[in-house]
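The structure under discussion appears below in the form of structure tokens.
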Amino acid sequence: MKKLLMSTALAVVVGVTGAVSGLAEAKTLKASHQWPGGKGDVRDEMVQIIAREVGKANVGIDVKVYPGKSLYKPKEQWGAMVKGQLDISAFPLAYAAGRHPEFDSTLMPGLVKNHDHAKRLNSSPFMDDIKKIINDAGVVVLADAWLAGGFASKKQCILGPETMKGQVTRAAGKAFEQMLVGAGASIASMPSSEIYNALQTGVLDAANTSSGSFVSYRIYEQAKCLTAPGANALWFMYEPLLMSKKSFDKLNKDQQAALMAAGQKAEDFFFDAAKGLDDKLVKAYKDAGVEVVEMTSEQAKAWRDIANETSYKTFAEKVKGGDMLIKKALAVK
């Protein structure tokens, strides 16, 4: 009887210890991004979906979201993920092109035609190459996301290349900067979160960014004219949900599976939401009294001709494997 009681007590102790151990393994993951939180930005919502879905999965993970560049500055997030200091980020990949020049191909003028074309690119040899570079650098893709964008100016509407001459403008990524310089613009580089103040203080005359950022940052308060993406969008940018590989590898299989499942839900949400962003953009700017225009196919072609002689040519010549990378992207119809 005494042996039976001792065995029972031991089993209880082991059970309690196991439960405590399980609780001790619960992890809080830090998720960071540069956009306003709780204000309808779809990139923030993608991260919030990750947090909610992983929480519902009950696998011992809590995701704490730090919006509005409150934890890291926009371009610092990549290095923080590589080092394992930051767990998750909604991150414009071209921001890390200084470390990996190949990433500029994910913000190449005219490379992506529309949202459906972007979705086809996600499963292409082009993106296989990009994701291998991401993974080898120590980062994991949780969800793919592409945003369309356009131009805004407080001077004049930006349509054909000649309308850009003399304007100081901002564009994310070297490829767009090279094309804009080729059209006679001056460049001031900065994250999209700084565009509003730069327009307000006269540092910028114009800006080139995503539909989501144009609305989230209320740039309509500083703009005279918006060039909406329309049927001839030049601007598409890859802004995926990423995770530190060091952080991901520390998780157990159930936790990893829960994160990937949450990532798929976030990606599905984003694909539908991104299409609606362009309409939301036009409405927000018209409601604010801003003139809204779209490029014609001829104007868009004139821009692509400049891009071919500037950004595309430079990328093919200076980035190792750049020519083949672009060919793979252009092969996706």
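Here are the numbers:
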quantity	calculated
Separation of the Arg99 and Lys286 label points, Cα + 7 Å toward Cβ, nm	4.2 nm
Inter-centroid distance (Cα atoms) of the stretch 27-56 relative to the stretch 240-319, Å	17 Å
Partners for Lys30 among aspartates and glutamates (Cα-Cα distance below 17 Å; same-chain residues under 8 apart left out)	Asp44, Glu45, Glu53, Asp62, Glu76, Asp87, Asp249
DSSP bridge pairs, the chain: antiparallel proportion in percent, nearest 5	55 percent
Under the span-like rule (Cα at least 30 Å along the axis, Kyte-Doolittle mean at least 0.5), DSSP H helices of the chain	2-24
Simple Cβ-charge dipole of the stretch 28-330, Lys/Arg +1 and Asp/Glu -1, about Cα centre, in debye nearest 20	500 debye
For the stretch 28-330, alpha-carbon Rg and Dmax in angstrom	18.6, 57
26 Å Cα-Cα threshold exceeded, pairs from Lys64/Lys280; Lys56/Lys246; Lys27/Lys265; Lys224/Lys280	Lys64/Lys280
Point-to-point label distance, Gln156-Lys275, nm (Cα→Cβ direction, 7 Å offset)	3.7 nm
Net charge dipole size for the stretch 199-333 [Lys, Arg +1 and Asp, Glu -1 on Cβ; Debye, nearest 20]	540 debye
For the chain, calculated [θ]222 nm from helices alone, where every DSSP H run of n ≥ 4 adds -39500 (n - 2.57)	-15000 deg cm²/dmol
Rounded FRET efficiency, nearest 0.05, which uses the C-beta distance separating Asp254 from Ser297 and R0 of 51 Å	0.50
Selection from Ile195, Ser210, Ile88, by position along the positive dipole direction of the stretch 28-330 (Cβ)	Ile88
D_trans [Stokes-Einstein, Kirkwood Rh over alpha-carbon pairs] for the stretch 120-248, 4 °C, 1.567 mPa s, µm² s⁻¹	82 µm²/s
Rough spin-label spacing in nm, given labels placed 7 Å along Cα→Cβ, for Gln200 and Asp268	4.0 nm
Protection-proxy order for peptides 204-217, 282-295, each taking the mean of Cβ atoms within 10 Å per residue, highest first	204-217, 282-295
Under 5 Å, built H, 5+ apart or other chain: amide partners of Leu86	Met81
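The numbers here are math on the coordinates, done by the rules we state, and not lab data. Everything numeric in this text was worked out from a predicted model, so none of it was measured. FYI the Cβ positions are ideal-geometry reconstructions off the backbone, even for glycines, and counts take in every protein chain you see.
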